[in-house]
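Taking it in order: structure first as structure tokens, then the write-up.
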Amino acid sequence: MKVLERIVVVGNSTAGITVANKIRTRIAKEDAEVILIAGGNRHYFNEASVFLPVNYLQGSCLSAPVKSLLKKSILHVNENIKSIDVENNGILTEEGHLIRYTYLVIAMDCVPDPDAIPGFKEEVRSVNEVQSTISLKEDIQNLKQGSIVIGNAPNFKGNQTLASDIAILLSKYFKEKKLDSKIKIQVFFPEDKIHGNTELFNWVENELKSNNVEVIGGFSLTSLNVKNRELVSSAGKTIKYDLPVVMPPESLHKSILSSHLPKTENGRIDIDESTLSIKNNDQIYLIGGSLGIPGSQNIYSALDQAEFVSARIANRISGYRDPGQFKLRIELHPLIDNKLAISALVDDDSLIVGKASETDFLLRLYAHSSYFGREIRGFV
Ligand SMILES: Cc1cc2nc3c(=O)[nH]c(=O)nc-3n(C[C@H](O)[C@H](O)[C@H](O)COP(=O)(O)OP(=O)(O)OC[C@H]3O[C@@H](n4cnc5c(N)ncnc54)[C@H](O)[C@@H]3O)c2cc1C
């Protein structure tokens with residue numbers, strides 16, 4: 001009897017569901033079984049959450065049951081993992097189940113680590129999860145004057161133009177409410193680069209200034225002085241706030257950190273960036289936010305990575321065409337007005353910016369429909 005290969009994917013979000021679906025499409029059921037492990041029955045599409053506080057979208061359109069997105073023949077084990085036993089090709093779940101794999105794809109992102117910044121938990125609003133986004137919406141509706149300070153914590157790994165998107169939407173929102181003379185909006189960035197690119201930073205800075213948003217570069221947030229209502233940087237600079245909106249610092253999951261996966265000096269998992277497999281191990285792959293590479297959490301990068309890794313594993317198991325070497329690129333659609341967006345591609349050091357269009361804006365606003373309809377299901 002033929003022994004089936006087993007591909008285990010950990011994580012039930014953008015990267016995990018997409019890669020599992022693509023693997024299932026590319027490898028026959030007679031050759032391999034596909035198992036997805038992750039606790040939770042619903043998947044949230046975070047990308048459009050910036051539109052919730054200004055009432056462009058309702059939260060209900062941003063989530064779907066995992067079951068409705070996964071191909072029928074993929075088994076979903078609804079448990080979180082506790083550790084990875086690299087030596088014996090096994091995953092241990094928090095419920096104590098041991099699940100063996102022939103190939104493993106880790107797609108479980110990093111975890112928010114708000115405790116890394118004193119005062120963060122008490123004071124800060126964010127848009128990285130639904131509850132905090134709803135609270136932000138209430139704060140914004142109640143704010144009649146003061147200063148909104150928006151930015152990313154130094155170790156936030158996600159889309160780094162997010163702060164700029166929020167600022168532009170809020171600037172238009174308060175203008176429409178005729179409160180723009182009473183409410184000041186400032187955006188800070190930990191560096192003078194965005195996704196490692198200075199040109200992108202300069203471009204974003206110009207767009208923000210033309211929307212009357214003040215930009216502060218090189219502000220690396222280390223703490224909040226709650227009494228004085230100030231953000232404090234590592235260099236001791238301060239910014240006064242009434243409403244701080246900051247994407248949280250993030251770190252790798254304990255389950256990954258405690259496993260015997262090779263690590264780099266800066267604490268990331270040591271991967272071969274041209275194959276997305278961990279160094280000297282062709283059976284374990286990392287995609288999405290778990291990679292810890294700036295920009296890898298970006299949805300388009302996660303989809304590219306899922307495409308590549310599924311093809312590579314299918315090539316190893318059933319001779320599917322070899323996808324060659326992976327090249328990370330970052331595709332963004334930053335907002336530049338409340339009705340305009342633009343396409344931007346960061347490819348190595350170069351930045352290619354398209355033409356501002358209302359179509360790009362609408363595509364961004366309604367991205368969730370094509371996302372739930374095709375992309376995460378692995379059709380594109
Ligand atoms: C507010 C916001 C706005 C964004 N905007 C944009 C944008 O404009 N453009 C863009 O391109 N991208 C954007 N992104 C990035 C994008 O939405 C995703 O973050 C990206 O697709 C990465 O997906 P992921 O699957 O790697 O991680 P995640 O979506 O974070 O999923 C990780 C999964 O791992 C699971 N998991 C965690 N721990 C365990 C465990 N122990 N065991 C098993 N499973 C576990 C979780 O349940 C989760 O399902 C945004 C993100 C946020 C938060």
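The values are calculated or read from the model by the stated rules, or taken from the named source; none is laboratory data. Remember, predicted model here, so these are calculated numbers, not experimental data. So basically every Cβ, Gly included, is an ideal-geometry build from the backbone, and we count neighbours across all protein chains shown.
Here are a few things to note about the model shown:
- Taken over region 154-204, the criterion of being more than 20 Å from the chain's Cα centre (by Cα) and hydroxyl-bearing (Ser, Thr, Tyr) is satisfied by Ser171, Tyr173, Ser181, Thr198.
- Tally of residues being in a loop (DSSP other than H, G, I, E, B) and closer than 24 Å to Phe156 by Cβ across region 97-111: 4
- Of the listed requirements (1) modelled with pLDDT of 95 or more; (2) not in a strand (DSSP E or B), Leu200 misses just one: (1).
- Test: residue in region 50-66 that is surrounded by fewer than 23 Cβ atoms within 10 Å (Cβ to Cβ), within 15 Å of the ligand (Cβ to nearest atom), assigned to a helix (DSSP H, G or I) and among the small types (Gly, Ala, Ser): yes
- Checklist (1) assigned to a helix (DSSP H, G or I); (2) within 15 Å of the ligand (Cβ to nearest atom) applied to Ile35, failing item: (1)
- Ser126 under 23 Å from the mean Cα position of the chain (by Cα), closer than 30 Å to Val232 by Cα, buried (at least 21 other Cβ atoms within 10 Å of the Cβ) and among the polar types (S, T, N, Q): yes
- Cβ pairs under 9 Å, 6+ apart, first in region 153-177 and without any contact (Cβ under 8 Å) to a residue 40 or more places away in the chain, second surrounded by 24 or more Cβ atoms within 10 Å (Cβ to Cβ): Phe174/Ile148
- Each residue in region 184-197 was checked for being in contact with a strand residue (DSSP E or B) (Cβ under 6 Å, 6 or more places away or on another chain), part of a strand (DSSP E or B) and under 20 Å from Asp347 (Cβ atoms), and 1 pass.
- Residue in region 169-190 that is crowded, with 17+ Cβ neighbours inside 10 Å and within 10 Å of the ligand (Cβ to nearest atom) present: no
- Scanning region 262-280 for residues that are of a type in the set (S, T, N, Q) and either loosely packed, with under 15 Cβ neighbours inside 10 Å or within 12 Å of the ligand (Cβ to nearest atom) (or both) yields Thr264, Asn266, Ser274, Asn280.
- Of all residues in region 24-43, those that are of a type in the set (Val, Ile, Thr) have Cβ atoms under 7 Å from Cβ atoms of residues that are away from the ligand (no atom under 16 Å from the Cβ), 6 or more apart or on another chain, in Ile27/Ala314; Ile27/Ile317; Ile27/Ser318; Val34/Arg24; Ile35/Arg6.
- Residues that are surrounded by 14 or more Cβ atoms within 10 Å (Cβ to Cβ) and in a loop (DSSP other than H, G, I, E, B) within region 245-261 comprise Pro248, Pro249, Leu252, His253, Ser259, Leu261, listed in sequence order.
- Residue check, Ala306 farther than 26 Å from Lys137 by Cα, within 11 Å of the ligand (Cβ to nearest atom) and either not aromatic (Phe, Trp, Tyr) or not assigned by TED's automatic domain parsing to the domain that holds Ser83 (or both): yes
- Answer from Asn228, Asn212, Asn280 - the residue that is in contact (Cβ under 8 Å) with a residue 40 or more places away in the chain and part of a loop (DSSP other than H, G, I, E, B): Asn212
- Residue in region 341-350 that is among the aliphatic types (A, V, I, L, M), touching a residue at least 60 places away in the same chain (Cβ under 8 Å), buried (at least 16 other Cβ atoms within 10 Å of the Cβ) and not assigned by TED's automatic domain parsing to the domain that holds Leu70 present: yes
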